[in-house]
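Undergrad: Sharing a structure here in structure tokens format.
The values are calculated or read from the model by the stated rules, or taken from the named source; none is laboratory data. Every value quoted in this text rests on a predicted model; they were computed, and no experiment measured them. Positions of Cβ are generated from backbone atoms using ideal geometry, with glycine treated the same way; all protein chains shown enter the neighbour counts.
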Amino acid sequence: MEPSCRAQAAPRVSVQRFCRLLDMASSLHQGPYPLVPIPQALLSTMAVFHTYSGCRGSLRKVDLKTLINRELLQFVQEIRDPETLERLFRDLDTNGDLQIDFQEYATLVAMLTAACRTFFIQKQAE
Ligand SMILES: [Ca+2]
């Protein structure tokens, strides 16, 4: 952990433990068997969260906006106005602590996955 991370408030979930799990999961990728799609998707989901949450272990509004605008533009429109960001953040922050933890982020990923599936089923029916 970098020294600057120690000065910040301790996250509710141990970042060290999260990083160890992520490293362990990533090492599976180097094993004799290639990862199948679902484990690969889970690792990517965790890695993206970790990239934008950093040593805090949670996303702030600015982190959420950056994550969406950099990683999800194929699925959602770019967030430009503060009201859209505010509404999305408020909807995801179910415990009201002004941070998006991994579980709240996972809700966003699940909602996007369901919306994409609906979209593709409708497109297939046309
Ligand atoms: Ca929260």
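Undergrad: List every residue pair whose Cβ atoms lie under 6 Å apart, where the two residues are 6 or more positions apart in sequence or sit on different chains, the first residue falls within region 94-109 and is among the aliphatic types (A, V, I, L, M), and the second residue, located anywhere, is part of a helix (DSSP H, G or I) and more than 10 Å from the ligand (Cβ to nearest atom).
TA: 100/64; 109/45
Undergrad: Let me ask another. Given the condition without any contact (Cβ under 8 Å) to a residue 12 or more places away in the chain and surrounded by fewer than 12 Cβ atoms within 10 Å (Cβ to Cβ), answer yes or no: does some residue in region 40-57 qualify?
TA: The answer is no, given that none of the residues of region 40-57 is without any contact (Cβ under 8 Å) to a residue 12 or more places away in the chain and surrounded by fewer than 12 Cβ atoms within 10 Å (Cβ to Cβ).
Undergrad: Taking the residues in region 77-114 that are small (Gly, Ala, Ser) and at negative phi as candidates, determine which candidate is nearest to the ligand (Cβ to nearest atom).
TA: The first filter runs over region 77-114 and keeps only residues small (Gly, Ala, Ser), leaving 96, 106, 110, 114.
Add one more test, that the residue is at negative phi, and what stays is 106, 110, 114.
Working: 106: 12, 110: 16, 114: 21 Å.
Only one residue tops the list, namely 106.
Undergrad: Out of the residues in region 61-117 that are assigned to a loop (DSSP other than H, G, I, E, B) and under 12 Å from the mean Cα position of the chain (by Cα), state the one that is nearest to residue 44 (Cα to Cα). Break it down into steps so the answer makes sense when it comes.
TA: Narrowing region 61-117 to residues assigned to a loop (DSSP other than H, G, I, E, B): 72-81, 93-99, 101.
Adding the requirement that they be under 12 Å from the mean Cα position of the chain (by Cα) leaves 72, 101.
Details: 72: 13, 101: 16 Å.
Ranking the candidates gives 72 first.
Undergrad: Looking for something farther than 20 Å from residue 113 by Cα, buried (at least 19 other Cβ atoms within 10 Å of the Cβ), within 16 Å of the ligand (Cβ to nearest atom) and at pLDDT below 95 - is there at least one such residue anywhere in region 58-71?
TA: No: region 58-71 contains no residue that is farther than 20 Å from residue 113 by Cα, buried (at least 19 other Cβ atoms within 10 Å of the Cβ), within 16 Å of the ligand (Cβ to nearest atom) and at pLDDT below 95.
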